[in-house]
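No lab work stands behind these numbers, since they all come straight from the coordinates. Nothing here was measured: the structure is a model prediction, and the numbers come from that model. In this analysis, Cβ positions are derived from the backbone assuming ideal geometry, glycine residues included, and neighbour counts consider all displayed protein chains.
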Amino acid sequence: MRKDSWTRWISARSDPVPQKGSLFDGVSARAHEVLVEGIDASLRLHSAGWSDEVPISKLRSLARDAKRLRVGRSDVDGWSLVLDQPVADDLLALLPAEQRYGRWIDRIGLLPALGVLGAVTASVVIIGYTAPQWIAPHVPFSWERRLGSATVGDFGPRRCRGAQGEEALNALVEKVAPGAAKGPDGIRIAALDVPIFNAAALPGGYIVVLKPAITETNPDALAGVIAHEVAHVRRRHVTKALIRELGIGALIRLFAGDVGANAEQLLDLSYSRADEAQADADAMDMLRRANIDPRPTAALFRRLATQSPDFSAEFLQSHPLSSTRARGFAATFDPKAHYIPVLSGAQANALSKICLK
Amino acid sequence: MDDVASAPAAEHSRAIEFTGDMRDYVRIAATNALLTLFTLFIYRSWAKARSRRYLWSNTRFIDDELQWTGTGKEMFIGFLFVALFLGALGLAINIGLPALAIREGPAIAFLVLIGIYMFGMFLYGLARFRGLRYRLSRTTWRGIRGGSDDGGWRYGVKAIGYYLAAFFVGGLLYPWAQSKLWNERWNKMSFGPERFEANMTSDDTRGAFFLFWFSLVIGSLVLGAIIGVMHPGNPNESSPFLSLIFYAAVGLAYLRFVTAYYQAAAQWTRVGDLEFRFTAEYKDWLKFYATTVGLAIITLGLAMFIYDFRRWRFVIGHLEAYGTVDVDALTQSRTAVPRDAEGFLDALDIGAF
């Protein structure tokens with residue numbers, strides 16, 4: 001121990017001996033033999049009849065191992081100086097430290113950096129997860145409507161255009177949610193001739209009902225389904241999903257590729273489950289206020305739960321378990337209430353023919 | 001040092017040699033993985049730069065090591081720029097295409113989809129070209145770097161043509177397209193003042209490719225026939241065991257093509273007075289991939305973190321160079337330094353070379 005410090009003291013006291021090095025000047029591939037000395041804040045390089053001084057601040061570490069040490073210059077393309085190890089301590093102290101993880105992480109150390117980064121990452125994920133919830137209500141509906149009309153337009157050639165049927169469909173919306181279909185921001189609903197049992201709320205207050213959801217149910221059950229989609233629109237669930245997709249969804253897909261996409265899908269699913277439950281609760285309220293019997297809706301979900309998976313897979317994927325939902329709707333049935341059919345016989349008849357040309 | 005560095009130089013038996021140590025690299029790979037995870041994958045670019053700095057600086061050519069001068073920051077910016085562009089494009093396609101199908105009908109949407117696929121081929125070509133250009137521009141040897149002044153746009157357009165040609169004759173023209181595109185790329189690249197010259201033809205790779213092609217086509221037919229006999233009336237029935245044999249056979253046949261392709265590519269590419277040979281034989285490739293699969297199974301996939309090291313060691317270990325380099329004539333490259341790094345390659349997730 002003592003002997004060690006003694007030698008170091010000696011070497012520190014002795015005059016610095018210039019170290020030999022090879023210089024590549026970045027102009028040609030020729031190596032120049034040079035002597036290297038550290039002088040204050042610069043490196044003095046010289047050989048016979050030539051000398052140069054390089055500010056230490058311009059140096060950067062390129063490589064370092066047991067045999068050689070190589071530094072480059074941030075201001076000269078290709079310039080590099082190679083020193084054989086061991087490099088004298090006083091010279092070594094002047095040279096830039098080896099870059100390892102990156103400038104910022106090297107400065108504070110790996111473990112503290114992991115701590116900071118972990119905390120930041122966790123907050124980003126938490127904010128990304130919750131932000132759509134509180135941003136969605138503040139997005140002007142007109143923006144969303146513009147996006148919706150740009151993508152959906154007038155619903156295209158598949159739209160079922162039976163005039164009286166469409167009137168009945170709109171009447172149905174008015175019944176479950178009075179005033180919802182009125183005004184410039186009103187809900188726009190259409191039936192599409194697509195052979196899948198489903199209904200969906202799209203950006204901008206557009207609701208589509210696919211043909212089997214009309215022809216294979218009765219108007220009261222359809223009222224339950226539509227009330228559910230109206231709730232999605234009113235609660236801005238669609239907006240929320242869009243923001244999530246554009247925000248953390250894009251972030252995850254951007255950097256994480258496939259692994260992240262799977263994780264994101266899980267995230268997405270748990271989100272929509274909570275929203276779906278809320279939309280169901282709202283729908284039950286709407287049916288009650290409109291004096292519509294909830295039992296047909298319950299029966300529809302019971303039927304979907306027992307149907308072959310092919311039939312209801314599309315519907316089930318994005319909605320809660322049908323049997324649970326059936327129980328929820330059935331529970332709101334009030335034996336003392338005087339329920340009235342949501343549509344008149346003529347309206348119901350017109351609705352069933354909405355997709356006939 | 002000598003005025004003229006000759007290869008193979010007297011002090012080393014090989015002109016190109018990889019001197020890296022797996023234990024050093026494992027340390028780099030482990031911390032890279034940790035930091036990548038803790039930064040929501042943002043550190044990926046810095047991880048790549050770190051890994052390359054190690055691999056390059058442990059690769060000796062004649063008497064000096066290569067240096068990787070690319071930075072994580074520039075790779076990240078390049079990636080971000082391209083990823084945002086592609087992300088916006090992807091979003092437009094995702095929203096626009098179904099809307100188009102509803103509004104204009106499926107025929108128009110299909111045509112647009114074909115256009116998108118062709119644009120995808122263009123981007124793929126562009127990515128490979130610019131990725132190569134970037135790597136050369138960030139690789140220095142004795143202070144001299146490579147590069148190209150070509151942006152690769154024409155290459156991208158040509159790539160569409162070659163890929164389509166290969167596609168329309170059942171893939172049989174693939175080796176021809178591959179060799180043509182190899183030449184197209186490399187003939188636009190330079191190191192210092194020296195242009196690369198690539199004259200690869202499909203003469204050396206055709207045979208191996210046909211073998212692969214036949215094993216794929218005949219194999220599918222035989223597999224279909226066997227399953228048809230075993231499960232009459234149910235053509236969708238699958239047999240995992242037979243499929244495994246099929247994929248293994250096709251994979252082995254493809255590896256023959258890879259062997260021939262690397263050998264031919266090295267043999268027909270030169271720069272200045274330097275010629276190259278790639279000495280990996282079929283058995284070497286077999287061993288490499290068998291080890292890769294074995295390691296992946298044993299380590300439950302963790303071996304993927306050292307794949308770059310193993311791959312580099314394999315490629316450098318089988319690469320030989322002949323000829324002399326005049327160090328006074330090898331002056332600094334005058335090519336522009338690309339600023340998009342390898343953003344396209346990164347964003348499209350395409351491998352090296």
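What list do you get for B:His231, A:His237 if you sort them by fewest beta carbons within 10 Å? Can you show the working numbers first?
Values: B:His231 13, A:His237 22.
In increasing order of surrounding Cβ atoms, one gets B:His231, A:His237.
Excluding residues on the same chain fewer than 8 positions from A:Lys67, give the lysines whose Cα lies under 27 Å from its Cα.
Those lysines meeting the cut-off are A:Lys3, A:Lys20, A:Lys58, B:Lys48.
Which value, to two decimals, describes the C-alpha radius of gyration of the range B:289-338 once divided by 2.2 N^0.38 Å?
On the way: Rg = 18.4 Å, N = 50, 2.2 N^0.38 = 9.7 Å.
Working it through for the range B:289-338, the quotient is 1.89.
How far, in nm, would the chain grow between A:Ala281 and A:Ser142 when pulled straight, counting 0.36 nm per residue and subtracting the alpha carbon separation?
Details: separation 139, 0.36 × 139 = 50.04 nm, distance 2.66 nm.
Once the chain is fully extended between A:Ala281 and A:Ser142, it gains 47.4 nm.
In whole Hz, with x marking every Gly and Pro, tabulate ³J(HN,Hα) for the range A:111-126 from phi via Karplus 6.51 cos²θ - 1.76 cosθ + 1.60, θ = phi - 60°.
5, x, 4, 4, x, 4, 4, x, 5, 4, 4, 4, 5, 4, 5, 5
Could you line up B:Thr59, A:Thr151 from fewest to most neighbouring Cβ atoms inside 10 Å?
On the way: B:Thr59 23, A:Thr151 18.
In increasing order of surrounding Cβ atoms, one gets A:Thr151, B:Thr59.
Can you give the angle from 0 to 90° between the axis of helix B:72-104 and the longest principal axis of chain B, with both taken from C-alpha atoms, to the nearest 10?
With both axes taken from Cα atoms, the answer is about 20 degrees.
Just want the ordering: B:Trp46, B:Trp213, A:Trp104, from fewest to most Cβ atoms lying within 10 Å of their own Cβ.
Working: B:Trp46 23, B:Trp213 20, A:Trp104 10.
Ordered from fewest to most neighbouring Cβ atoms within 10 Å, B:Trp46, B:Trp213, A:Trp104 come out as A:Trp104, B:Trp213, B:Trp46.
List every residue whose amide H lies under 5 Å from the amide H of A:Leu43, counting only residues 5 or more places away in sequence or on a different chain, with H placed 1.01 Å from N in the peptide plane.
Sorted by chain and number, the residues that satisfy this are A:Val54, A:Ile56.
For chain B, find the longest principal axis of its Cα atoms and tell me its angle to the long axis of helix B:153-168, 0 to 90°, nearest 10.
Here the helix axis deviates by roughly 40 degrees.
Given the C-alpha centroids of the range A:193-248 and the range B:286-311, what is the distance between them in whole angstrom?
About 48 Å separates the Cα centre of the range A:193-248 from the one of the range B:286-311.
If I fit a long axis through the Cα atoms of helix B:307-317 and take the longest principal axis of the Cα atoms of chain B, what angle between them do I get, 0 to 90°, rounded to 10?
Tilt relative to chain B: about 60 degrees.
To check my understanding: the extent here is largest minus smallest coordinate of the Cα atoms along each principal axis. What are those three numbers for the range A:58-175, in Å, largest first?
So the extents along the principal axes, rounded to whole Å, are 94, 32, 23.
For peptide B:138-149, what's the mean number of Cβ atoms from other chains within 10 Å of each residue's Cβ? Let's see the in-between values first.
Values: counts 0, 0, 9, 3, 10, 16, 8, 3, 0, 0, 0, 0.
Per residue, the number of nearby Cβ atoms from other chains is 4 on average.
With 10 Å bins from zero, work out the P(r) of the range B:124-187 over every alpha carbon pair and list the percent per bin.
22, 44, 24, 9, 2
Can you list the residues, at least 5 places off or on another chain, whose amide H is less than 5 Å from the amide H of A:Arg236, using H built in the peptide plane?
none
Just to check I understand the Karplus step: with θ = phi - 60° and J = 6.51 cos²θ - 1.76 cosθ + 1.60, what whole-Hz values come out for the range B:257-264, glycine and proline as x?
5, 4, 4, 5, 5, 5, 4, 5
Please turn the phi angles of the range A:62-79 into ³J(HN,Hα) values with the Karplus equation 6.51 cos²θ - 1.76 cosθ + 1.60 (θ = phi - 60°), one per residue in order, whole Hz, x for glycine and proline.
Whole-Hz 3J(HN,Hα) from phi for the range A:62-79: 9, 7, 7, 9, 5, 9, 9, 10, 10, 10, x, 10, 6, 9, 10, 4, x, 5.
Amide H of A:Asn218: which non-local residues (sequence gap of 5 or more, or other chain) have their own amide H closer than 5 Å, using H built in the peptide plane?
Answer set, sorted by chain and number: none.
Within 10 Å of each candidate Cβ there may be at most 13 other Cβ atoms; applying that plus a DSSP loop requirement, which trypsin sites (Lys or Arg not before Pro) in the range A:150-240 survive? Spell out each step's value before the answer.
Working: sites: A:Arg158, A:Arg159, A:Arg161, A:Lys175, A:Lys182, A:Arg188, A:Arg234, A:Arg235, A:Arg236, A:Lys240; in loops: A:Arg158, A:Arg161, A:Lys182, A:Arg235, A:Arg236.
Answer by residue number: A:Lys182.
Would you mind calculating the gained length between B:Ala336 and B:Glu281 on full extension (0.36 nm times residue separation, minus the Cα-Cα distance), in nm to one decimal?
Working: separation 55, 0.36 × 55 = 19.80 nm, distance 3.73 nm.
This chain segment gains 16.1 nm when fully extended.
Assign unit charges at the C-beta atoms only (+1 for Lys and Arg, -1 for Asp and Glu), then state the dipole size of the protein assembly as shown relative to its Cα centre in Debye, rounded to the nearest 20. Present the calculation step by step, with values, prior to reporting the outcome.
Working: 78 positive and 70 negative charges, 289 e Å.
Dipole of the protein assembly as shown, to the nearest 20 debye: 1380 debye.
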